[in-house]
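S.K.: This is the structure I want to talk about, given as structure tokens.
Please treat every number below as a calculation from the coordinates, not as lab data. Nothing here was measured: the structure is a model prediction, and the numbers come from that model. Here Cβ is always computed from backbone atoms with ideal geometry, including for glycine, and neighbour counts include all displayed protein chains.
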Amino acid sequence: MLRRVLGLGAGRVALGVLLTVVLLAIFGPLVAPQDPLATSTDLLAAPSAHHWLGTDYLGRDVLSRLLAGSRLSVLGAVEVVAMALVVGAVPGVLSVYLGRAFEWVTLRLVDTLIALPFLVFAVAVTALLGNGIPQAMFVVGLLVSPLFYRVARAATLAVARSPYVEAAVIAGASVAWIVRKHVWGKVLPPIAVALAQTTGVGFVVVASLTFLGIGVRPPAPTWGGVLAADLGFLSYQPYAPLAPIVLIMATVWACNLLADALRDASGVAGRALVLRRPRFSGGSRVKEA
Amino acid sequence: MSEKVLDVSGLDVHYRRRGGRLHALRSASLSVAAGETVGVIGETGSGKSTLARTVLGLVRPTAGRITIAGQEVTGFSGRQWKALRRQGIVQYVFQDPLRSLDPDLTVASSLVEPLLIQGIRAADARTRALAVLDRVGLDPELLDRLPGELSGGQRQRIVVARALITDPRLVILDEPVSALDSANRVRALEFLRQLRLGGTALVFISHDLGSVAGIADRIAVLYQGEVVEDRPARDVVVNPSHEYSRLLVRSAPTLASAARHRAALNGKAVTTV
């Protein structure tokens, strides 16, 4: 699969960008040229040899803040995806096999989750569980899990009725055997497509939440937080928001590109998926961010 | 021809449909002796696939009895069915040889699957796969190919080979030749005829009397869920007793009748010109 994705130009570009972002997340805080929290008297300075991307309204180095903030942003997106996989994809496959009661209950739960507004719910839960990125991402993961449930379930249903699965049943195969041998391989490609897409959504959500000041305490640097600070001083530094925007956009774009590449590499299996973007009730506001 | 591999009597199957029930089978009876070849003929919706699926335990009968190799299986639980299936006594060959092979698994993996499910060691299973591949007349080189890389005729043989690998006493074949072109059809029938000599009981399910008449010992005709005829193949073809079987025999296309049709058409063409 990876080889086939790498064979596509789009796949190489996407993986390249994402690898850079991951490296930033791991080493960014270490290579930050200055302390991201240190203030100076150089308020709102233009880019210079000393401050490559200038300083913000408290005189903090923007480059250092962006580098330091990347870890939080990436971790948040990863948490969303892991959560969605465990809560969404696994029950999605099992819903076909664990009997009518399990199927009915999970389907109704999924319907309920779909009905909840995304960002608002995350805000409400952080108010309840305490302000923190892990709490916020837990909620977001929970709310995107219906997509994974649906994708996994649809792919499983398509396979479960196929003659080769019936042939295995006639040979006396157990459910575990059938899932392991026949179902899993067919369900993974469409899930991988959804995964790449959701990672993009995860980045946007982390950025939006931190932009709104939810999930992190103010001095801690994040991409969304840097962007929010820059927007407040647009009249002094109209170019300042560009750096965090480009960072967020490039990452999300790479995720979507990877989703496309995965879809192309896996053939028809995931083709219908790209049309079914995840529901996102706070969509318009997030795009502004 | 003494012992019965399969004995079905008074089988009723209802499907629940919106606003009522659908009778798929009405007190159908059929028995297959060891080594016998039986053709089950019927049109679409006549219940022939339901009959096969009920015998395999995929559909629960409303009434009636099914005995497989002397074992009454009618009231079997899921667990009992699984245990019975793992003995590999009854095998089934699906209608569509492409879709009944997992496209992601090599021929070898598909072939040995029933054996691995039984708990047989992988190395032994591969040896048996080679043996059964030889029996259906295929090159052992095909073992590492994917189903998509094989021709229709080869896939058909692979599917039959998978059914034979457990040394079954009864193989049910659902439209074994209808997905093949005519040259492959002749070859497949020839090959199935040889299989018959191996002593395995065969049940051919088909809508086409012509493809079964030449190979079956006995023919059962299903019409609207009922077995309307169950007699030696020769009798059914030469002297059909039920109205529907008469229609089947009449409608079987032959080259002779095609020649008559052409002659009639030509005659008409001459008169109009």
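S.K.: Return the average number of partner chain Cβ atoms within 10 angstrom of each residue Cβ along peptide B:101-114. Walk me through the numbers before you get to the answer.
M.R.: Working: counts 4, 11, 5, 5, 4, 0, 0, 0, 1, 3, 0, 0, 8, 6.
The mean count of partner-chain Cβ atoms within 10 Å per residue comes to 3.
S.K.: Helix A:62-84 versus the longest principal axis of chain A: what is the Cα-based angle in degrees, 0 to 90, to the nearest 10?
M.R.: Taking Cα atoms only, the helix is inclined about 20 degrees.
S.K.: Among A:Ala32, A:Gly130, A:Gly54, whose Cα sits farthest toward the positive end of the charge dipole of region A:19-156 (+1 at Cβ of Lys/Arg, -1 at Cβ of Asp/Glu, about the Cα centre)?
M.R.: The Cα lying farthest towards the positive end belongs to A:Gly130.
S.K.: Something else now. Arrange the peptides B:94-107, A:6-19 so that the one whose residues have, on average, the most other Cβ atoms within 10 Å appears first. Don't jump to the answer; show the numbers that get you there.
M.R.: Numbers: B:94-107: 19.9, A:6-19: 15.7.
By packing density, highest mean first, the sequence is B:94-107, A:6-19.
S.K.: Counting only other chains, what is the mean number of Cβ atoms within 10 angstrom of the Cβ of each residue in peptide A:169-178?
M.R.: On the way: counts 7, 14, 16, 12, 7, 2, 0, 0, 3, 1.
Mean number of neighbouring Cβ atoms from other chains: 6.
S.K.: What is the magnitude of the charge dipole of chain A about its Cα centre, with +1 placed on the Cβ of each Lys and Arg, -1 on the Cβ of each Asp and Glu, and no other charges, expressed in debye to the nearest 20?
M.R.: Dipole of chain A, to the nearest 20 debye: 1120 debye.
S.K.: Still on this structure: Tilt of helix A:99-115 relative to the longest C-alpha principal axis of chain A, in degrees (0 to 90, nearest 10)?
M.R.: Here the helix axis deviates by roughly 30 degrees.
S.K.: Also: Using the count of nearby Cβ atoms within 10 Å as a rough guide to exposure, how do B:Arg193, B:Arg155 rank from fewest to most? Please list the in-between numbers first.
M.R.: Working: B:Arg193 13, B:Arg155 23.
Fewest-to-most ranking of B:Arg193, B:Arg155: B:Arg193, B:Arg155.
S.K.: Now for a different question. Which one, B:Ala163, B:Leu115, B:Gly153, projects farthest toward the positive side of the charge dipole computed for region B:98-167 from Cβ point charges (K/R +1, D/E -1)?
M.R.: Result: B:Ala163.
S.K.: So how do A:67-77, B:58-68, B:203-213 stack up, highest first, on mean other-Cβ count within 10 Å?
M.R.: Working: A:67-77: 24.0, B:58-68: 16.9, B:203-213: 21.3.
Ranking the peptides A:67-77, B:58-68, B:203-213 by packing returns A:67-77, B:203-213, B:58-68.
S.K.: Give the percent of DSSP beta bridges with both residues in chain B that are antiparallel, rounded to the nearest 5.
M.R.: Working: 23 of 41 bridges.
For chain B, the DSSP antiparallel bridge percentage is about 55.
S.K.: Anything in chain B that counts as a DSSP H helix reaching 15 Å or more along its axis (C-alpha) with Kyte-Doolittle mean of at least 0.0? List them, would you?
M.R.: Values: long enough: B:107-118 (18 Å, 1.33); B:122-135 (20 Å, -0.03); B:152-164 (18 Å, -0.08); B:182-197 (23 Å, -0.22); B:255-272 (26 Å, 0.02).
Within chain B the helices that satisfy the rule are B:107-118, B:255-272.
S.K.: Which angle from 0 to 90°, rounded to the nearest 10, does the C-alpha axis of helix A:133-160 make with the longest principal axis of chain A?
M.R.: 30 degrees
S.K.: Could you please state, rounded to a whole Å, how far the C-alpha centre of region A:119-144 is from the C-alpha centre of region B:95-135?
M.R.: Centre-to-centre (Cα) distance: 49 Å.
S.K.: Within 10 Å of each Cβ of A:153-165, how many other protein chain Cβ atoms are there on average? Please list the in-between numbers first.
M.R.: Values: counts 0, 0, 0, 0, 0, 0, 1, 0, 0, 7, 12, 14, 2.
Neighbouring Cβ atoms belonging to other protein chains average 3 per residue here.
S.K.: Then there is this: Let's see if you can work this out: charge +1 on each Lys and Arg Cβ, -1 on each Asp and Glu Cβ, no other charges. What is the dipole magnitude of the protein assembly as shown about its Cα centre, in debye to the nearest 20? Before the final figure, lay out the partial values.
M.R.: Working: 58 positive and 40 negative charges, 224 e Å.
The calculation lands at about 1080 debye.
S.K.: Positive end of the dipole of the protein assembly as shown, charges at C-beta (+1 Lys, Arg; -1 Asp, Glu), about the Cα centre: which of B:Val8, A:Phe102, A:Trp223 has its Cα farthest in that direction?
M.R.: Positive-end residue among those listed: B:Val8.
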